[in-house]
1. Whole-Hz ³J(HN,Hα) for each residue in segment 172-177, computed from phi via Karplus 6.51 cos²θ - 1.76 cosθ + 1.60 with θ = phi - 60°, x for glycine and proline: what do you get?
2. Between Asp284 and Asp25, what is 0.36 nm times their sequence separation minus the Cα-Cα distance? Round to one decimal in nm.
3. Can you compute the modelled spin-label distance between Phe156 and Arg196, with each label point 7 Å from Cα toward Cβ, in nm?
4. Could you check which residue among Ala107, Ala45, Ala191 shows the biggest mean-square fluctuation in a GNM of the chain with a 10 Å Cα cutoff?
5. So, for the chain, what is the accessible surface per residue at a probe of 1.4 Å, expressed in square angstrom?
6. On a 0 to 90 degree scale, rounded to 10, what angle separates helix 70-82 from the longest Cα axis of the chain?
7. Semi-axes, largest first, in whole Å: what does sqrt of 5 times each Cα gyration tensor eigenvalue give for segment 232-288?
8. Where the centroid of each part is defined by its Cα atoms, how far is segment 128-157 from segment 69-102 in Å?
Amino acid sequence: MRFGLIGTGPWAQRVHGPALAATPDIELVGVWGRSEERAATLATALRTTAYTDLDALVGDVEAVAFAVPPDVQAELAIRVAGAGRHVLLEKPVATDPGRAREVRDAAALSGVSSVVFFTDRFVEAQRSWFAEVKEHELRGGWLRWFSDLQAADNPFGASPWRHEQGALWDIGPHAISTLTAALGPIETVWATGGERDLVILAFTHASGATSTATLSAYAPPAAVGFEAAVWGEHGVLPMPPRPEGAAVDAFRTAARELVAAAGSGTPHPLDVAFGVHVVELLADAAEQVTTR
């Protein structure tokens, strides 16, 4: 399948571009970005073509991968899906539920396939853990993710939308996806905020389980880290750490699975409809934090 890449930032440089360029049966046709200079630099590094016209890129491919801020992504994805191209989206699909639903509806109207890249859902070690915990009777789980967006060496430290939206919208989608995979669909969320962007989320799952997520993008360096676990009759089952450098292989898996979904016509479990559900939960949580 012929892919185009929209975006030229750190995630496009480190993950999306290298993954698409090195995946068998996928051809990275070209790159488009809001900065022509950065698009040219990235295209050279990936040995592909820099496009200055987005419509020209869309016209030359069958699928498009996105590595741009959420609300830019939503605007462009509506256009790309409307043109009949399959879409490999980043999380969150948007920060506005209405715009996320527009992306979903555009894909449905055109009959195109979609996948949203929730990283750990495509990492083999994590997938094995998700399969393992489903064999047990579980009562709940938790996830803690503290990062340091303010650190000088953080590759995403120059990302305006992450500073504006904080952990809820940056890390929150991963938390929802991970806890959903382990404990089943989330039905409701309760949220409260703390210092700066600290947010604590409590979820109820359709399975009857409950879970929590504690998130911050501005944690002290000594507190930075990730942990997740589920618990039940068999005790506590911790999620294994993500292997070093796993994101590139995970994105290659996501791209291959988009190709497979497009070929079969069967919706992927992590399609844009699931992405919309995640955005709706996050918007609900954001309103609660603001109100409280």
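The values are calculated or read from the model by the stated rules, or taken from the named source; none is laboratory data. For clarity, every value in this text was computed on a predicted model and none was experimentally measured. With ideal geometry, Cβ positions are generated from the backbone for all residues, glycine too; neighbour counts draw on all protein chains shown. Note: areas computed on protein heavy atoms with side chains; ligands, DNA, RNA excluded. Shrake-Rupley method; radii C 1.70, N 1.55, O 1.52, S 1.80 Å.
1. x, x, 5, 4, 4, 4
2. Details: separation 259, 0.36 × 259 = 93.24 nm, distance 4.02 nm.
Taking Asp284 through Asp25 to full extension adds about 89.2 nm, to one decimal.
3. Going by the 7 Å Cα→Cβ label model, 1.5 nm.
4. Ala45
5. Numbers: 12730 Å² over 292 residues.
Per-residue accessible area for the chain comes out at 44 Å².
6. Between helix and principal axis, roughly 50 degrees.
7. Working: eigenvalues 125, 100, 38 Å².
That gives 25, 22, 14 Å for the three semi-axes.
8. A separation of 25 Å, based on Cα centres.
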